[in-house]
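Take a look at the structure below.
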Amino acid sequence: MGNYTIRTNDQEDTAIRKAQEHIGAASVSKAFMTAILDHERNREEIMQLRQSLAQAQTRNQELANAVLRFQSSMSEMFDLAGTAGKKKPDW
């Protein structure tokens, strides 16, 4: 088991106390250990969520592009059908 000394300034002391209260830890060392372990889990979850978000954004863009292609095809179909001058669907 190691011993650690951490030199802090007033701003860091305040941040540590706030974190300790938020975590509900009885001691600063317990707050640090809880924060470190939570950080590792949170980091992994954030990476997974970012990957899921990127996949969802890609899928969303693919769907938006498909809608644009559909609208273009429908407009072309109406043009070919001779509906010139008649009201086309308002996409």
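The values are calculated or read from the model by the stated rules, or taken from the named source; none is laboratory data. Since we're looking at a predicted model, the values are computed, not measured. Positions of Cβ are generated from backbone atoms using ideal geometry, with glycine treated the same way; all protein chains shown enter the neighbour counts. Note: areas computed on protein heavy atoms with side chains; ligands, DNA, RNA excluded. Shrake-Rupley method; radii C 1.70, N 1.55, O 1.52, S 1.80 Å.
Assorted remarks:
- Residue satisfying all of: in segment 40-76; at pLDDT below 95 and open to solvent by 100 Å² or more (accessible area, probe 1.4 Å); farthest from residue 19 (Cα to Cα) among these: 76
- Cross-chain or 6+ apart pairs with Cβ under 8 Å, segment 1-30 first and free of Cβ contacts under 8 Å to residues at least 12 places away in the same chain, then surrounded by 11 or more Cβ atoms within 10 Å (Cβ to Cβ): 8/16; 20/28; 20/31; 25/31; 25/34; 27/20; 30/23
- Residue within segment 17-27 that is open to solvent by 80 Å² or more (accessible area, probe 1.4 Å) and not in a helix (DSSP H, G or I) present: yes
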